[in-house]
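The values are calculated or read from the model by the stated rules, or taken from the named source; none is laboratory data. These figures come from a predicted structure and were not determined experimentally. Methodologically, a virtual Cβ is constructed for each residue, glycine included, from the backbone with ideal geometry; neighbour enumeration extends over all protein chains shown.
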Amino acid sequence: ASKSTFQSYKDIVQENDLVLIWISRDHIKPVVMKHGENFNTRYGTFPHTSIIGKPYGSQIATRTAKANKFGFIHVLQPTAELWTLSLPHRTQIVYTYDSSYIMNRLRLGPNSTIIEAGTGSGSLSHQLARTCGKVLTYEFHEVRCEQAKQEFKEHGLLEEDNGNLVITHRDVCNEGFKLNDRDCEASAVFLDLPAPWDAIPHLNTQGILKKNEKVSVCCFSPCFEQVDKTLKALKENGWQEIEMVEIQGKNFESRRQMVRTLDDAINILKDQKERKDAGIEKRNKMNKKILTEAAKNSKTENQTENSATTSKDETKAEVEGSGTEADKQTDATEQSPQLKKPKFNPFGKGFKVKEGDLNYNWIQVSKMESEIKSHTSYLTFASKIYDMKRETEPNDQ
Ligand code: SAM
């Protein structure tokens, strides 16, 4: 992929670009563009050649297997937020609802150096790399660390490729954050670890946090027992302004809702009653038909068994006679339409009125998304001014 895809904008899709293909809101696929390759979806096949050379944001169409139908995709330029929605999950990830709040609370910007542990799937790392001056991220799972490093490399984020991110394979709870070649001098810390309380004391090591400047920390933990232990560790290690927050991210959609009058409400009640009555009547008639046929069958059986002397012709006539009367009744029932086609009512079943149809009145409303893509954890924030003079005083004495 082009190295700078995540860090700069470009207008036209080129070969080797990593593009994000938007199939639907819940289905975005990262694909590297190569002449001669295809992108297959259930809506049809999209040759990469039909995408290369088009402006980012284009809608691309392809004819589906069924004649005269078209499938559509949109080709988008990667951003950190879209990557969060499309990345291969190797762990639980931090979603944008949380990351946007975290970055705001940690006051991150181009002058910030942030420590992140663990890297996980690199969802937050991408957002941090876009915003911060430097990202020092740590992951103790070797395979996961390598996969993340490979992805960061492909996205042009690594410091060794003129990016701003350094990934270190390290168990920060046991070995801390110290780098071989430099001091971290972090202005912010983000810990998404099962046991952040074991990592917090390592932040006291000289060179890890910036001196004489307010440094902020955020610990991301899904359960309250973890928060409890984190609070204790933060207090014990001199962190202040401790606060716990939970994000409940929700999307609100702007929609139109049909304006309904009292008459409409009365009509729906009438309609429901009509449907109910018609249903009951139909069921009664069905039951009656079943009973009549059962009676007819049992009568035929009795006659066959008991009157051995009765001629076959007589029996047939009798059965036909009784059956004919009942059948006629039932046939008449079936022929006369029981369910009147209901008149229009805006609440009614069976009518699909397109939202915004100019034949009806609409008002603008906001609705909440039914599915919310946000695994929230508790966010524990704290801050500290790490003053070396004050910290060393007791030892000096
Ligand atoms: N924030 C990440 C994201 O947005 O993709 C997800 C982090 S994931 C939930 C937690 C990661 O921390 C895992 O990959 C795990 O291997 C790593 N981890 C757990 N304990 C660690 C430790 N002591 N040192 C370094 N990494 C650790």
Checked the stretch 156-180 for anything within 17 Å of TRP83 (Cβ to Cβ) and either in a strand (DSSP E or B) or away from the ligand (no atom under 14 Å from the Cβ) (or both); matches are GLY156, LEU158, GLY163, ASN164, LEU165, ILE167
Which of the residues spanning the stretch 82-106 are among the charged types (D, E, K, R) and near the ligand (Cβ under 10 Å from one of its atoms)?
ARG90, ASP98
Answer with yes or no whether VAL217 is more than 14 Å from the ligand (Cβ to nearest atom), of a type in the set (Val, Ile, Thr), within 27 Å of LEU87 (Cα to Cα) and assigned to a strand (DSSP E or B).
yes
Checking the structure you have, find out if any residue of the stretch 23-34 is farther than 21 Å from SER121 by Cα and modelled with pLDDT of 95 or more.
yes
For the stretch 95-121, name all the residues that are out of contact with any Ser or Thr (no Cβ under 6 Å at 6 or more places or on another chain) and among the β-branched types (Val, Ile, Thr).
ILE102, ILE114, ILE115
For a quick check of your reading of the model, give me the residue pairs whose first member lies in the stretch 244-256 and is surrounded by fewer than 13 Cβ atoms within 10 Å (Cβ to Cβ), whose second is aromatic (Phe, Trp, Tyr), with beta-carbon atoms closer than 9 Å and at least 6 apart or on different chains.
GLU246/TYR378; GLN248/TYR97; LYS250/TYR97
Only unsatisfied item for ASN104, checking (1) crowded, with 19+ Cβ neighbours inside 10 Å; (2) out of contact with any Phe, Trp or Tyr (no Cβ under 7 Å at 6 or more places or on another chain), is (1)
Pick from the stretch 67-116, criterion aromatic (Phe, Trp, Tyr) and assigned to a helix (DSSP H, G or I), ranking: farthest from LYS54 (Cα to Cα):
TYR101
Criterion first (touching a residue at least 12 places away in the same chain (Cβ under 8 Å), of a type in the set (S, T, N, Q) and over 30 Å from THR119 (Cα atoms)) does SER86 satisfy it?
no
Any idea which residue in the stretch 123-147 is farthest from the ligand (Cβ to nearest atom), counting only those that are part of a helix (DSSP H, G or I) and surrounded by 23 or more Cβ atoms within 10 Å (Cβ to Cβ)?
ALA129
Counted residues in the stretch 46-59 being buried (at least 17 other Cβ atoms within 10 Å of the Cβ) and in a strand (DSSP E or B) come to 1
Which condition number in (1) among the β-branched types (Val, Ile, Thr); (2) at pLDDT below 90; (3) farther than 23 Å from SER121 by Cα is the one that ILE51 fails?
(2)
Could you look through the stretch 181-207, keep only residues that are of a type in the set (Asp, Glu) and touching a residue at least 40 places away in the same chain (Cβ under 8 Å), and pick out the one that is nearest to the ligand (Cβ to nearest atom)?
ASP192
In the stretch 107-121, anything in contact (Cβ under 8 Å) with a residue 40 or more places away in the chain and away from the ligand (no atom under 14 Å from the Cβ) is listed as ARG107, LEU108, ASN111, SER112, THR113
On the basis of being without any contact (Cβ under 8 Å) to a residue 60 or more places away in the chain, loosely packed, with under 11 Cβ neighbours inside 10 Å, outside any strand (DSSP E or B) and more than 37 Å from the chain's Cα centre (by Cα), does LYS270 make the cut?
no
